[in-house]
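Since the structure comes first, as structure tokens, the remarks are kept for the end.
None of the figures in this text is laboratory data; all of them are computed from the coordinates on show. Here the structure is a predicted model, which is why all the values come from computation and not from measurement. Neighbour counts are summed over all protein chains in view; Cβ atoms, including those assigned to glycine, are modelled from backbone coordinates with ideal geometry.
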Amino acid sequence: MLDTDSAADAVPDGVPAQTTTSAAYTGDRPAGGQAARHDVVSLDAPIRGRTLFPGDEGFEEACSGWLLTVEHRPAVVVVAADADDVAAAVRSAAEAGRPVAVQSTGHGKSVPADGAVFIATGELRELSVDPRAGTARIGAGLRLGEVLTAAAEHGLAPLCGSSGEVGVMGYLTGGGLPLACRTYGFAADHVRSLDIVTADGLLRTVSPTREPDLFWAVRGGKGNFGVVVAAEIELLPLRTVYGGELHYPGEDPRHAAHVLGSYLAWVKDQPEEMSSSVSLLRLPDAPQLPEGFRGRSFVQVRVVYTGDEERGARLVEPLRALGPEKDTCGAMPYTRITEIYPDPKNPVMVHLRSALLHGLDDEAVEELVSFIDPSTPEGPFPGIELRHLGGALNRPPGRPHAVSTQGAAFHLWMRMPAPAEQAADEVLGRLRRWDTGAMLPGFLFDHDSAPERVRRAYTEADYRRLAALKAEYDPDHLFRVNHSIPPFGSGERARS
């Protein structure tokens, strides 16, 4: 899951894309055009979907996506119509010695798919809900909002992140940090089985009883082990939550620090049914923004409480006493939960960063507030979110997986409009004292494609296990156009 913020809409149109260099694949870019295309890769197996080469109509659209700071230039795009198409594309890539890239919505783009066999899964749209079992079967082309709507017809709900536009499989394989994370843990906890095409071109169904090691690895190991084409997940009997957002003016650093410090004190007493976050937002004086937001700074608190409305209102009362400019908190249908975070639906040109943090003290509050201080008119203009962790996230899941907060108190997510990549790095540098050094796999971005950064997303024991399983299931490193885990058999070799 990517947790984006309304400030991303402030990114001006027409800013050139910042293409990231692949740390995992350095193959030549295809020459393109009709004459050279069949020399690039041959797909001998019949494909029910579409096979697109550079220059073909629909090629550019098929390999674009929500995050525009990474460009893909694959050798061929396979718009898969079914799992057989995916398997055929994987086998052809292996025979040609080319890597495989996979994309549904493009929210999680990290490494350019240069020279790769690019599998677009957006047309794998299977969706069925079993209300008696409380489960849903989901194809790889679906977005969270579609599953949310279908499940609600039966009084059930999937664990959603902040955006309904995110692809389900990328969310689940990255672990999935839901808005109700302190109550229910990671979304990966609630996956019952996965259908995955592995590097040998075989379609496997993995679960706690069928190839359990691979089932463990895929939930958190992202795209390193194959192409997930379908999943069966548990649904929850959630019809309503108490939730919403409170906006406070942030132009005065002293007031912003008071609000942020009060929030940090407030979370220490919250039950597991209360999940929340606080965002620090500074906006440019840009004409495309609504007049009431131009050139302003804000502290924004967002809450999701899974208990009854009356108690939710009592718990939020100390936040209301801080005098928000805007307060939307109240009982709401679960189907509207993604409205709490006004994530942009259109593609954006931004740099994204994340970290897992220790508990935050007064010095951390002062440092964080300084990033939205309007006394520096030239910027930068960050959007910084701190998600409160703990609760169910700290308990061992019923179905073990490779995702862990590694004991962190907060998850930091940051968005910086391109091309201010250096400014984004400077923000993280100034917060290093509170950084645990760990990360969540679902919040690795283009900046995090180097192996040493990928390793930070896992405990040492989990990383070694993932590397060993990679050697078993993908020894030739076919799935490397991603946050790559090299297929080494020992921890020491993986470290090198």
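Separation of the range 59-113 from the range 323-347 is 33 Å, based on Cα centroids.
Over 21 Å between C-alpha atoms is what I'm after, so list which of Lys109/Lys345; Lys222/Lys345; Lys268/Lys326 land there. Those over the limit are Lys222/Lys345; Lys268/Lys326.
Can you give the charge dipole size of the range 240-452 about its Cα centre, rounded to the nearest 20 debye, using +1 on the beta carbon of Lys and Arg and -1 on the beta carbon of Asp and Glu?
Dipole magnitude for the range 240-452 comes out near 460 debye.
Using only side-chain charges placed at the Cβ, +1 for Lys and Arg and -1 for Asp and Glu, the dipole size of the chain relative to its Cα centre rounds to 940 debye.
Centroid-to-centroid, using Cα positions, the range 414-453 and the range 124-174 are 29 Å apart.
In a shell of Cβ-Cβ distance under 15 Å around Ala83, excluding Ala83 itself, what net charge do Lys and Arg (+1) and Asp and Glu (-1) give? Walk me through the numbers before you get to the answer.
Details: positive: Arg48, Arg91, Arg125, Arg137, Arg204; negative: Asp82, Asp84, Asp85, Glu123, Glu126, Asp195, Asp200, Glu232.
That sum, taken over residues with Cβ under 15 Å, equals -3.
Using θ = phi - 60° in the Karplus curve 6.51 cos²θ - 1.76 cosθ + 1.60, the 3J(HN,Hα) couplings for the range 237-252 round to x, 10, 9, 9, 9, 9, x, x, 9, 10, 9, 10, x, x, 5, 7 Hz; x is entered for Gly and Pro. Length available on full extension from Lys268 to Glu310: 0.36 nm per residue minus the Cα-Cα distance, which gives 13.1 nm.
Here the dipole of the range 127-234 is about 120 debye; that uses its Cα centre as origin and unit charges on the Cβ of Lys and Arg (positive) and Asp and Glu (negative). Close amide H contacts of Arg204 (hydrogens built in the peptide plane, cut-off under 5 Å, sequence separation of 5 or more or a different chain): Ile196, Val197, Thr198. Mean silhouette area of the range 240-452, derived from the convex hull of its C-alpha atoms and averaged over all directions, reads 12.8 nm². Farthest towards the positive end of the charge dipole of the chain, among the residues Asn224, Tyr341, His351, is the Cα of Asn224, using unit charges on the Cβ of Lys, Arg, Asp and Glu.
Dividing the convex hull volume of the alpha carbon atoms of the range 111-203 by its residue count, what do you get in Å³ per residue? Please report the intermediate quantities before stating the final value.
Details: hull volume 11.5 nm³, N = 93.
So the per-residue Cα hull volume is 123 Å³.
Scanning residues 5 or more positions from Thr240 or on other chains, those with amide H under 5 Å from its amide H are Tyr334, with H placed 1.01 Å from N in the peptide plane. With θ taken as phi - 60° and the Karplus curve 6.51 cos²θ - 1.76 cosθ + 1.60 applied, the whole-hertz 3J(HN,Hα) list for the range 191-204 is 8, 9, 7, 9, 9, 9, 8, 8, 5, 7, x, 8, 8, 10 Hz, x standing for glycine and proline.
Amide H contacts for Thr135 (H built 1.01 Å from N in the peptide plane; partners 5 or more residues away or on another chain; cut-off under 5 Å): Asp130, Leu235. Ala402 sits among other residues whose Cβ lies under 14 Å from its own Cβ, and their net charge, with Lys and Arg +1 and Asp and Glu -1, is +4.
Set against the 2.2 N^0.38 Å expectation for a compact globular protein, the range 58-101 has a Cα radius of gyration ratio of 1.25.
Note on the chain: dipole from Cβ charges, positive end direction compared against Ser163, Pro396, Ser64; the farthest Cα belongs to Pro396.
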